[in-house]
Each structure stands twice: as structure tokens, then as C-alpha cells.
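A short worksheet on the structure shown next.
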Amino acid sequence: MTKSKLRVYFEQHKSQLQVFWFLMFGLMALIVQLGSRIVCDIAFQGMKSTVSIWPFPTQTLGSFLAFLISNTLAKVISYITNRKKTFQANNNLCLSVVIYIILVVALIIIETIIGTPIQNGLYVLLGGEFSGMIQATASARSAVLYQACGVASQLIYGIGDSVIVFFMDKYLIMKKTG
């Protein structure tokens, strides 16, 4: 009896259930992104040569690769789980993937443009002394604070991403037909 009432409730409140699953899978993707970013930052610490490619700010090669790898992993996990479980999409997979890639590239460009200024602003706001990129000679406290501000920056723009991606997924990218 309870099971059927629960099933009826979820069928009547499908959008709320989709928001719940989207947030849960988004949280999983966020954990993967943050964890892989930290691991990549550590693994690529020795890559000190600088990279300057629009729209990315001048940064070390290691930081650039860590950002791209962690962001890509999170987006792939998010796409697969949301397509299969949250929206149970059955629309054209190829078109869906192409639109999703365009959305992801646009979001990465936006994140890149706003991410470093947010990180730097938080760093200064929390008492860090900023004069360009953190140098290898920076104190351990400064380096940890700057890294924490980077994670906070990802959390801030990640919330905005979630809102945009949910509506794009639900109404355009991962439609359930029929």
C-alpha cells in the first residue's frame, strides 16, 4: 500500500524528483571534479612552464591541465548519469551529445573568464597578498589559502552552472520523447 502511494507521489511530482536526482548526481560530479583537481594539481606540480591561450589566463601548464581534466571528468559523469537516470532521455543521442558539448565548452569559457578573478578576489579578501601568480617561493600558508580560494571559486560558479545545465538538459538536451 505504501509503495504504491509513494510511486503515485513521484509520478505526480516528476519535476521535483528530477531536481533531486540532478542535485545528487551533480554533487557526485562535484566531488569527482574537486578530488581530481586536487590530485591533478599535486601530480602536475612540476609543470611550471606558463600557458597563455584565450580565454584562459596565463597560468602554469600543471594548473591548466588540472582544470581541464577535472572539469571534463565532472561533465562526462554528469551527462551520463543525468541522461540515463534523471531524465531517462530517449532522444537522438548524437544530437544530444553535440549540443551538450557546445554547452560545456561555453561553460568552460565562462568559468575560465570568471574563475580566476573570483579566486583572486577571495584570496585578497581573506588577507592574502596577491601580486600575480603564486610563486614557488610563497609560504605554505599562502599557497594553501590560494588553493582553498580556488576550490571556493569552483563552488561559486558551479552553482550557476547547475542552474543553467538543469534547464538545458531538461528542456533541450535530454528530452524524453513519446
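Restricting attention to the range 51-67, and to residues there that are out of contact with any helix residue (DSSP H, G or I) (no Cβ under 6 Å at 6 or more places or on another chain) and without any contact (Cβ under 8 Å) to a residue 40 or more places away in the chain, which single residue is nearest to Tyr146 (Cα to Cα)? Step through it out loud before you land on a result.
Going residue by residue through the range 51-67, those that are out of contact with any helix residue (DSSP H, G or I) (no Cβ under 6 Å at 6 or more places or on another chain) are 52-54, 58-65, 67.
Among the residues that remain, those that are also without any contact (Cβ under 8 Å) to a residue 40 or more places away in the chain are: 52-54, 61-65.
Values: Ser52: 20, Ile53: 22, Trp54: 23, Leu61: 17, Gly62: 15, Ser63: 13, Phe64: 15, Leu65: 18 Å.
Among those that are out of contact with any helix residue (DSSP H, G or I) (no Cβ under 6 Å at 6 or more places or on another chain) and without any contact (Cβ under 8 Å) to a residue 40 or more places away in the chain, it is Ser63.
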Out of (1) surrounded by fewer than 11 Cβ atoms within 10 Å (Cβ to Cβ); (2) closer than 22 Å to Ala89 by Cβ, the odd one out for Phe25 is which? (1)
Here the residues within the range 28-50 that are closer than 30 Å to Ala89 by Cβ and β-branched (Val, Ile, Thr) are Ile31, Val32
Listed residues Ala43, Ala74; which is modelled with pLDDT of 90 or more and open to solvent by less than 50 Å² (accessible area, probe 1.4 Å)? Ala74
Yes or no: Ser153 more than 30 Å from His13 (Cβ to Cβ), open to solvent by less than 70 Å² (accessible area, probe 1.4 Å) and over 20 Å from the mean Cα position of the chain (by Cα)? no
Would you mind stating whether Gln33 is under 13 Å from Lys85 (Cβ atoms) and touching a residue at least 40 places away in the same chain (Cβ under 8 Å)? no
Among the numbered conditions (1) modelled with pLDDT of 95 or more; (2) hydroxyl-bearing (Ser, Thr, Tyr); (3) touching a Pro at 6+ places or on another chain (Cβ under 6 Å), tell me where Tyr100 comes up short. (3)
Scanning for something open to solvent by 50 Å² or more (accessible area, probe 1.4 Å) and on the phi > 0 side of the Ramachandran plot, does the range 94-105 turn up at least one residue? no
Within the range 31-38, does at least one residue satisfy the condition of being crowded, with 18+ Cβ neighbours inside 10 Å, out of contact with any Ser or Thr (no Cβ under 9 Å at 6 or more places or on another chain) and polar (S, T, N, Q)? no
Quick one: in the range 46-60, of everything that is open to solvent by less than 40 Å² (accessible area, probe 1.4 Å) and in a loop (DSSP other than H, G, I, E, B), which residue is farthest from Thr116 (Cα to Cα)? Pro55
Could you tell me whether the range 124-137 includes any residue that is surrounded by fewer than 17 Cβ atoms within 10 Å (Cβ to Cβ), in a helix (DSSP H, G or I) and modelled with pLDDT of 90 or more? yes
Looking at (1) open to solvent by less than 70 Å² (accessible area, probe 1.4 Å); (2) over 22 Å from Gly115 (Cα atoms); (3) not in a helix (DSSP H, G or I), which one does Gln88 not meet, given that it meets all the others? (1)
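The values are calculated or read from the model by the stated rules, or taken from the named source; none is laboratory data. In this text, all values refer to a predicted model and were calculated from it rather than measured experimentally. Note: ideal-geometry Cβ built from the backbone for every residue, glycine included; neighbour counts use all protein chains shown. Protein only, heavy atoms only, side chains kept; ligands, DNA and RNA dropped before computing areas. Shrake-Rupley method; radii C 1.70, N 1.55, O 1.52, S 1.80 Å.
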